[in-house]
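To start, the structure itself, in structure tokens.
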Amino acid sequence: MKHWLALLVLSVLAGAQAHAEQNFIPISGSEYLSEQMRELQDDDFANPGMEVVAYGSGLFHKLDEERQRCADCHGEEGKKLNLRRIAQYPVYSEEQERPITLQDQINICFEERMDNFPLVYDCREMVGLETYLRYLARGQVIDVQTDGPMTPFYKKGEALYRQRFGQLEMSCYHCHDQHRGAWLRGQRLNQGQSNGFPVYRLSTSRVTSLHRRFSECLGSFRAEPFLPGSDEYIDLELYVTSRGNGLKIETPAIRD
């Protein structure tokens, strides 16, 4: 009798979880900020993340040793960029047969179009360029593909999102779904949306990339982080970003 009761309880809980996921409505992390913080984020003169935007703009317009610039292909201030495309990353690469991130695409341009050495994933220059490009695409609607060839990578990302890590045996799901809205160490837990990344974090006084934030979270679980640009983080980025489909890019957002 107890066995059947336990199965019934598990079935009800699973059904409730499935219902909640079907009715999931993405909410930007900015909605969890105070009014004062939102005003700071929306003010380009006061937002401290704009310093990195300016740095990335300088790199975008800088001549390399071959006297080439990103702006030569993409226009001054990125006028020729497909901003809608930026809001679709990670995208599937037929050539590489896997999802690629915006940072991956920057390196593809560096190697194949400018004949330069690739940048190290998540290095200062890479984060600067990514922040600048995402800033140019502010207001574009996140629209990440999850079906077709993306399906297996999406599923792996979802599994990582729900996997328990470290000595605390915590998962992304615990913080951003089960305990969303709760306070933890002076910070209010949100949905973990990525539409504002790279973000300026007040707690660290720097602009932080999404992969670096993944590593910080795993570190708080007392777990060994993956490497920035790893397959694991790219799959996780795919899943996390797709949860925000329909939200608008807010880079550089401000978070606690």
Notebook entry, point to check: In region 54-87, what GluC sites (Glu not before Pro) fall in a loop by DSSP, with at most 11 other Cβ atoms inside 10 Å?
Noted result: Glu65, Glu66
Next item on the list: Along Cα→Cβ, 7 Å out, is where each label goes; now give me the distance between the ones at Thr204 and Asp43 in nm to one decimal.
Entry: 2.5 nm
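Sorted from largest to smallest, which semi-axis lengths in Å does the alpha carbon gyration tensor of the chain give for its equivalent ellipsoid, taking the root of 5 times each eigenvalue?
Details: eigenvalues 233, 91, 55 Å².
Equivalent ellipsoid semi-axes, largest first: 34, 21, 17 Å.
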Item checked: Unit charges at the beta carbon, dipole of region 108-196: most positive-side option, Cys109, Cys123, Leu160 -> Leu160
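Report relative contact order for region 132-252 in percent, whole number only (criteria: Cα-Cα under 8 Å, sequence separation at least 6).
44 percent
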Next item on the list: Before anything else, pin down the relative contact order of region 29-256: Cα pairs under 8 Å, at least 6 apart, normalised by residue count, whole percent.
Entry: 28 percent
Check: Using the Karplus equation 6.51 cos²θ - 1.76 cosθ + 1.60 (θ = phi - 60°), what ³J(HN,Hα) coupling, rounded to whole Hz, does each residue of region 200-205 give in order, writing x for Gly and Pro?
Finding: 8, 9, 5, 5, 10, 6
Next item on the list: Scan region 94-154 for GluC sites (Glu not before Pro) in coil per DSSP, keeping those whose Cβ has at most 13 other Cβ atoms within 10 Å, and list them by number.
Entry: Glu94, Glu95, Glu97
Margin query: As I understand it, the dipole of the chain uses +1 on the Cβ of Lys and Arg and -1 on the Cβ of Asp and Glu, about the Cα centre. Which of Gly244, Met150, Gly186 lies farthest toward its positive end?
Written below: Gly186
Notebook entry, point to check: With the chain treated as a Gaussian network of Cα nodes joined by springs under 10 Å, which of Cys172, Cys123, Cys70 yields the largest mean-square fluctuation?
Noted result: Cys123
Next item on the list: Give me the distance in nm between label points sitting 7 Å out from Cα along the Cα-to-Cβ direction at Arg185 and Glu125, one decimal.
Entry: 3.2 nm
Notebook entry, point to check: In debye, nearest 20: dipole of region 29-256 around its Cα centre with unit charges on the Cβ of K, R (+) and D, E (-)?
Noted result: 700 debye
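Since every read-out is calculated from the coordinates, none of them should be taken as a lab result. None of these values were measured; they are calculated from a predicted model. Using ideal geometry, Cβ is built from the backbone for each residue, glycine included, and neighbour counts are taken over all protein chains shown.
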